[in-house]
Amino acid sequence: MKFLSAELLRIYAKSQESGLSTDSAGKIGQCGLKCRVIIPLKKYSVPVAISVVPNLGGAVCSMYLRKEYRHWYENLRKPSWCPRHWLFFPMFNVCYACMGLSSYMVYANNGFEGPAKTALQIYGTQMVLAWLWVPLLFKRRMLGTALLESVILVGFSGATVWAFAPIKAGAAAIFFPTFLWSVYLMLTSLFLWRRNAIVLKNG
C-alpha cells in the first residue's frame, strides 16, 4: 500500500510538471483513492467468504432441528451413545468453524493454485455433503439415504485431511475433529437405519 501511495504521488507530481489541468490531476487522485479502497476489499473478501460460508450450514442445521423434528428423532430406537438432538447444533457449529479456519489456512498458503486447488475442491465437496446430512435425516427422514450419504461424507472428510496435510499440517490438524464427527454421524446413521428402517416402513 505504501508503494502504491508513493507511486500515485509520483504520477501526480509528473502531471503537474507536464502542465496537466487540475481536473486531470484530480482524476488521478480519485483513481488512487479507489485503488486504496478496492485493493483491501479484494484482499479480504475471499478469506472472509472462505471462513464464513461453512457456517451457513449452521442455519440449515437449526432449520431442520425444530421442535417437530426433534420429537421424531427422540422417539427413534437408538443406542445410548447416539447424540441427543441438542448436541447436533453446537457440534456442527464447532466443526464448521474448524472447516472455515483450516480451509483459509490452505488458501493463505497456496491460494487456488496447484495442490491447494485440488485440496479445496475436495474440501468443498465434503462441506456440501455435511450440509445435506441433517435435512436428509430430520426433514426427509430417509435413514438409508442418510447412511449412504454419511459413508461418502467420511470418505471425503478423510480425503480432505489427507489433501490438507502436505500443504499445511496445522490445517489438517484443525480439520481432523470434523473428520471424527463425520465418523460419529456415520455410526449414528447406521444404527438408526438398522433399528428403525422396518418400523418406519411399516408405519
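The values are calculated or read from the model by the stated rules, or taken from the named source; none is laboratory data. Keep in mind it's a predicted model, so treat the numbers as computed, not measured. So basically every Cβ, Gly included, is an ideal-geometry build from the backbone, and we count neighbours across all protein chains shown.
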Can you name the number of the only condition in (1) modelled with pLDDT of 95 or more; (2) under 30 Å from Arg77 (Cβ atoms) that Arg140 fails?
-> (1)
Is one or more of the residues making up the range 182-190 assigned to a helix (DSSP H, G or I) and over 30 Å from His71 (Cβ atoms)?
-> no
Quick one: would you say Leu76 is under 22 Å from Leu56 (Cα atoms) and of a type in the set (A, V, I, L, M)?
-> no
Is it the case that Phe112 is of a type in the set (Phe, Trp, Tyr) and either modelled with pLDDT of 95 or more or in contact with a strand residue (DSSP E or B) (Cβ under 7 Å, 6 or more places away or on another chain) (or both)?
-> no
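Which residue is farthest from Ala97 (Cα to Cα), if the candidates are limited to the range 109-154 and must be among the basic types (Lys, Arg) and in contact (Cβ under 8 Å) with a residue 12 or more places away in the chain?
Let us first name the residues in the range 109-154 that are among the basic types (Lys, Arg), namely 117, 139-141.
Next, from what is left, pick out any that are in contact (Cβ under 8 Å) with a residue 12 or more places away in the chain: 139, 141.
Details: Lys139: 24, Arg141: 27 Å.
Among them, the one singled out is Arg141.
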Flag if Ala173 is of a type in the set (Gly, Ala, Ser), modelled with pLDDT under 95 and either over 20 Å from Trp72 (Cβ atoms) or touching a Leu at 6+ places or on another chain (Cβ under 8 Å) (or both) = no
Among residues belonging to the range 109-138 that are under 12 Å from Ala159 (Cβ atoms) and polar (S, T, N, Q), point out the one that is surrounded by the most Cβ atoms within 10 Å (Cβ to Cβ).
-> Gln126
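Quick one: count up the residues across the range 167-181 that are among the hydrophobic types (A, V, I, L, M, F, W, C) and part of a loop (DSSP other than H, G, I, E, B). Let's see the steps before the verdict.
Within the range 167-181, the subset among the hydrophobic types (A, V, I, L, M, F, W, C) is 167, 169, 171-176, 179-181.
Within this subset, residues satisfying the condition of being part of a loop (DSSP other than H, G, I, E, B) are 167.
Selection size over the range 167-181: 1.
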All-but-one check, Ile50 against (1) out of contact with any helix residue (DSSP H, G or I) (no Cβ under 8 Å at 6 or more places or on another chain); (2) farther than 19 Å from Gly158 by Cβ; (3) not charged (D, E, K, R), failing number (1)
What helices (runs of 4 or more DSSP H), lying completely within the range 39-136, carry at least 3 residues that are among the aromatic types (Phe, Trp, Tyr) and under 13 Å from Thr178 (Cβ atoms)?
-> 114-134
Restricted to the range 117-153 and to residues being of a type in the set (Gly, Ala, Ser) and in contact with a Ser or Thr (Cβ under 8 Å, 6 or more places away or on another chain), the residue nearest to Leu187 (Cα to Cα) is Ser150
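Can you pull out every residue in the range 137-146 that is part of a helix (DSSP H, G or I) and not small (Gly, Ala, Ser)? If you could, list the steps in order and put the result at the bottom.
Just the residues of the range 137-146 that are part of a helix (DSSP H, G or I), to begin with: 137-139, 143-146.
Passing the criteria: Leu137, Phe138, Lys139, Leu143, Thr145.
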Exclusive hit being over 13 Å from the mean Cα position of the chain (by Cα) and either of a type outside the set (Ser, Thr, Tyr) or under 17 Å from Ser51 (Cβ atoms) (or both), set Gly100, Gly114, Gly124 | Gly114
